[in-house]
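Below is one structure, written out as structure tokens; the observations come after it.
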Amino acid sequence: MAIQLEIIDGRLDSTQSIYNFETLVNSFLRTHTIIDVEYKTIERTIQQTNIKTVIQVAYITYDDNLDKTWKGIFNEISGKGYSYKELLKAFLKVTDLDISEETANALADYYDIENLARDLAKEINIDYKVDQALKELEDNE
């Protein structure tokens, strides 16, 4: 994973310059794997002319080579703020395209409260084990 930072700036002195800034930022966002975007507005005064300009800056953190393992997928979706129920419904559709919306909603509602991983392990008779690295972290807190 090689996180990169793109800095895009633009003047905010006219509707056209604002449009140009937004177009440039949106174009970049559509063509990269975005991790985070932060905006900052900066006021500058040119001393010789005493003219005040306002500049908007977009700090875009991105990585076009995100890890495609479960860890990379986990990091990508956990940082996006998706609701657990919506993720679960998407997962259910990935595993079975034929599942109805009604069934997916019922399962998502149920597993919003219950533990899906424990139920699956129990259903196919697999011992459910806790991640020892996480357990050790919790024990040390």
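Within segment 74-109, the set of residues being farther than 26 Å from I35 by Cα and among the charged types (D, E, K, R) comprises D96, D98, E101, E102, D109. Taking the stated definitions as given, is I7 within 30 Å of I73 (Cβ to Cβ), touching a residue at least 12 places away in the same chain (Cβ under 8 Å) and loosely packed, with under 10 Cβ neighbours inside 10 Å? Judged against the criteria, I7 is a match.
Report yes if some residue within segment 57-64 is among the hydrophobic types (A, V, I, L, M, F, W, C), more than 20 Å from the chain's Cα centre (by Cα) and under 17 Å from I7 (Cβ atoms); otherwise report no.
First, the residues of segment 57-64 that are among the hydrophobic types (A, V, I, L, M, F, W, C): 57-58, 60.
Next, only the ones that are more than 20 Å from the chain's Cα centre (by Cα) stay: 57.
With the extra rule that they be under 17 Å from I7 (Cβ atoms), the set shrinks to 57.
Yes, segment 57-64 has at least one match.
The requirement of being under 21 Å from the mean Cα position of the chain (by Cα) and either over 30 Å from H32 (Cβ atoms) or not in a loop (DSSP other than H, G, I, E, B) (or both) is fulfilled somewhere in segment 110-126, by at least one residue. Of all residues in segment 15-37, none satisfies the criterion of being within 23 Å of the chain's Cα centre (by Cα), surrounded by 14 or more Cβ atoms within 10 Å (Cβ to Cβ) and among the polar types (S, T, N, Q).
Against the test of being part of a loop (DSSP other than H, G, I, E, B) and either exposed (fewer than 14 other Cβ atoms within 10 Å of the Cβ) or over 16 Å from the mean Cα position of the chain (by Cα) (or both), the options K40, K89, K68 yield a single qualifying residue, K68.
Each reported figure results from applying straightforward, stated rules to the coordinates on display, with no laboratory input. Computed from a prediction, not measured in an experiment: that's the story for all the values here. In this analysis, Cβ positions are derived from the backbone assuming ideal geometry, glycine residues included, and neighbour counts consider all displayed protein chains.
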